[in-house]
Amino acid sequence: MDRTAKPLLFVLWSLPVVWLFWAAWNEQLGANPAEALIRSLGDWTLRALVLVLLVTPLRVMAGWPALARLRRMLGLFVFFYASLHLLAYAWFDMGFEWREVLTDLAKRPFILVGFLCWVLLLLLAGTSFNRAIRALGAARWRLLHRCVYAVACLAVLHFFWMRSGKNDFAEVGVYAVLLALLLGWRVWKRWRPKDPLGR
């Protein structure tokens, strides 16, 4: 893979957060900038997550094994945007009142599910480096990192519950369909009958 791929990917996935904070600073996020910032950071988390799950199907179907080298960086961007999403909620919605944050976690299931996603992402990000792979062993590391599928399901559930108050499920449906296709491909790939000729 071209050496410019990773720097280019880094720049491209940094642009949304740069634009969001520029827009917030210049009062370009509408009548409720705090809510717009929180939701936009959540949207970018979901987009990065879908892209991470898309890497393997693209690599296999298009015959681009080098794509696997980009997955770690994309995964870290998922954690980065999820952390900013959580930080924005704790800051703008809760004013860093941690007792109120804990009360909100207990009171609102979609907040609890979102926090559980972040905890799992923290675990995945913390074990995404070569030293962790060596410490855990490749088999245990792969098993642990299959938690990304649970993260994806919980993230869509978090989004669904968040939108249920407004009966606005169009975007939720898009992510649910994408997730179903990506997970369905993995199930099919794992359990399909083996071709005796190796095809």
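Can you figure out the FRET efficiency of residue 149 with residue 10, using R₀ = 41 Å and their beta-carbon distance, to the nearest 0.05? Intermediate results must be reported in sequence, preceding the final value.
On the way: r = 25 Å, r/R0 = 0.62.
Plugging the Cβ-Cβ distance into 1/(1 + (r/R0)^6) gives 0.95.
In degrees from 0 to 90, rounded to the nearest 10, what is the angle of the helix 33-62 Cα long axis to the longest principal axis of the chain?
0
Can you give the angle from 0 to 90° between the axis of helix 98-107 and the longest principal axis of the chain, with both taken from C-alpha atoms, to the nearest 10?
Here the helix axis deviates by roughly 70 degrees.
Nearest 0.05, what FRET efficiency do residue 188 and residue 73 give at R0 = 41 Å with Cβ-Cβ as r?
Efficiency, from the Cβ-Cβ distance: 0.90.
If you average 1/r over every pair of different alpha-carbon atoms in the stretch 1-127 and take one over that average, what Kirkwood value in Å do you get?
16.1
Take the Cα of residue 176, step 7 Å along the line toward its Cβ, and report every residue of the stretch 135-166 whose backbone nitrogen sits under 17 Å from that point.
152-166
Rounded to the nearest 0.05, what FRET efficiency do residue 167 and residue 35 have when you use their Cβ-Cβ distance and R0 = 25 Å?
That pair, residue 167 with residue 35, gives E of 0.90.
Angle check, please: helix 170-191 long axis (alpha carbons) against the longest principal axis of the chain (alpha carbons), in degrees 0 to 90, nearest 10.
Helix 170-191 sits roughly 20 degrees off the main axis of the chain.
In deg cm²/dmol and to the nearest 500, what is the mean residue ellipticity at 222 nm of the chain if only DSSP H runs of at least 4 residues count, each as -39500 (n - 2.57), divided by the residue total? Let's see the in-between values first.
Numbers: 9 runs with 155 residues, N = 199.
Mean residue ellipticity at 222 nm (helix-derived): -26000 deg cm²/dmol.
Laboratory data are not the source of any read-out in this text; all were calculated from the coordinates shown. Fair warning: this is a prediction, and the values are worked out from it, not measured in the lab. Because the Cβ atoms are built from the backbone with ideal geometry, glycine has one as well, and the counts that use them run over all protein chains shown.
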